[in-house]
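Down below is the structure, laid out as structure tokens.
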Amino acid sequence: MKLLDQTLQRIKPLDARAMAKAQAHLDELTKPPGSLGALEDIARRLAGIRGEVPRRLSRKAHILMAGDHGVVAEGVSAFPQEVTPQMVFNFSRGGAAINVLARHASAELVLVDIGVASDLPELPGLLKRKVAPGTANLARGPAMTREQAIAALEVGIEVASAKIEAGNELLGIGEMGIGNTTPSSAILAVFSGRPVEEITGRGTGVDANRLRLKIKAIQQGLAINKPNPDDPLDVLAKVGGLEIAGMAGVILAGAAMRVPVIIDGFISGAAALVATRLAPLAGEFILASHLSEEPGHAVALELLGLKPMLTMQMRLGEGTGAALGMTLVDAAIMIYHEMATFSQAGISGALKS
């Protein structure tokens, strides 16, 4: 837990003076104040994180955590667990949606086996950092030990730290793990206090019967495990997932090293809830890419105090929304540095009102 504690201690607030300076510049650009909405918010947030709005982001990395879940034994998913390693092979070959969108965003895809149930061979681009071969069945007992949860958090911290030290200035997170909307819904239920049936969606597209099984499994897991909402490590260990913990670790490392992290949809939103419960200031370093079709995602974003950049009716996962969000961060930087001010353009300040 030493690395986790050190990381938490390094997280500091945003630079308010830099944000005010960035806002003043944004207000001088040839447009009505605030009329570029989220693009202005992104630029201002970057200033707070970095001390200034960078001229460009030289390198970006998208970190995809893969892990399995014992709760699939309860019939909560439309797909078998074998799909997790099969998709890891697909990621390694470059054939998945996230590969396409990461290439589009000029981002390196970092693939991490943090908890796939089967043994994977050496694959191009795969980091083998398995904490355990999947979680236990949360509907029957704790998904992980507390030690495993901490170890998975620290894997995320280590992977993210290495990428930042290599020069990456923007991180995205995503995941692969059959059944992982179930632990995500459980985490959200604990932290939000909302009824399980209100925040639990169909995930990969389960039918009404499987949705009932999913809700029952979560309710049973919460009743058996009694996760403590005031102890985020307890919640993560008892009803979470290894890849969820890994993504939370990436967020914490980004906050500690003052690099923004773009979250994806519902599952990375659950990871962000864990991270911000461990370190409330970490939320200031998160950018929300899109609003997922999963019903719990809007609730998670509300708890995080984040507004999504996009609404695209997406629910794939993998970090596909985060990769799209990276292109909007690029756009925000270009607007900030390349758009003319009123004085440069010889325009009166009438648009300011």
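Taken together, 281, 291, 306, 301 contain a single residue that is closer than 20 Å to residue 243 by Cβ and not β-branched (Val, Ile, Thr), which is 301. Selection of first residues in region 159-170 that are among the acidic types (Asp, Glu) and of second residues that are modelled with pLDDT under 95, restricted to Cβ pairs under 9 Å at least 6 apart or on distinct chains, gives the following pairs, ordered by first then second residue: 169/56; 169/57; 169/58. On the stretch given as region 295-353, residues that are aliphatic (A, V, I, L, M), part of a helix (DSSP H, G or I) and out of contact with any Gly (no Cβ under 8 Å at 6 or more places or on another chain) total 14.
Would you call residue 247 open to solvent by 40 Å² or more (accessible area, probe 1.4 Å), closer than 20 Å to residue 152 by Cα and out of contact with any Phe, Trp or Tyr (no Cβ under 8 Å at 6 or more places or on another chain)? Here the answer is no, as residue 247 does not meet what is asked.
Name every residue in region 74-108 that is open to solvent by less than 40 Å² (accessible area, probe 1.4 Å) and not in a helix (DSSP H, G or I), in order of residue number. Within region 74-108, 75, 76, 77, 94, 96, 105, 107 qualify. Can you find a residue that is open to solvent by less than 10 Å² (accessible area, probe 1.4 Å), modelled with pLDDT of 95 or more and under 27 Å from residue 326 (Cβ atoms) anywhere in region 219-239? Yes, some residue in region 219-239 is open to solvent by less than 10 Å² (accessible area, probe 1.4 Å), modelled with pLDDT of 95 or more and under 27 Å from residue 326 (Cβ atoms).
Matching residues to (1) within 12 Å of the chain's Cα centre (by Cα); (2) part of a loop (DSSP other than H, G, I, E, B); (3) farther than 19 Å from residue 306 by Cβ:
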position: 179; (1), (2), (3): no, yes, yes
position: 185; (1), (2), (3): no, no, no
position: 211; (1), (2), (3): no, no, yes
position: 221; (1), (2), (3): no, no, yes
position: 230; (1), (2), (3): no, yes, yes
position: 233; (1), (2), (3): no, no, yes
position: 238; (1), (2), (3): no, no, yes
position: 247; (1), (2), (3): yes, no, no
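For residue 127, the conditions (1) in contact with a strand residue (DSSP E or B) (Cβ under 9 Å, 6 or more places away or on another chain); (2) within 30 Å of residue 212 (Cβ to Cβ); (3) hydrophobic (A, V, I, L, M, F, W, C); (4) open to solvent by 40 Å² or more (accessible area, probe 1.4 Å) are fulfilled apart from (2). Tell me, which residue of region 109-124 that is closer than 18 Å to residue 173 by Cα and of a type in the set (A, V, I, L, M) is most open to solvent (accessible area, probe 1.4 Å)? Among those that are closer than 18 Å to residue 173 by Cα and of a type in the set (A, V, I, L, M), it is 109.
Which residues, taken from region 310-330, are out of contact with any strand residue (DSSP E or B) (no Cβ under 8 Å at 6 or more places or on another chain) and either charged (D, E, K, R) or open to solvent by less than 30 Å² (accessible area, probe 1.4 Å) (or both)? Matches in region 310-330: 315, 330.
Taking the listed residues 278, 242, 273, the one that is open to solvent by less than 10 Å² (accessible area, probe 1.4 Å), closer than 25 Å to residue 196 by Cβ and more than 11 Å from the chain's Cα centre (by Cα) is 242, with no other qualifying.
The values are calculated or read from the model by the stated rules, or taken from the named source; none is laboratory data. Keep in mind the model is a prediction, meaning the values are calculated, not measured. Heads up, the Cβs are rebuilt from the backbone with ideal geometry, glycines too, and the neighbour counts pull from every protein chain shown. Accessible surface is based on the protein model in full, side chains and every heavy atom, while ligands, DNA and RNA are left aside. Shrake-Rupley method; radii C 1.70, N 1.55, O 1.52, S 1.80 Å.
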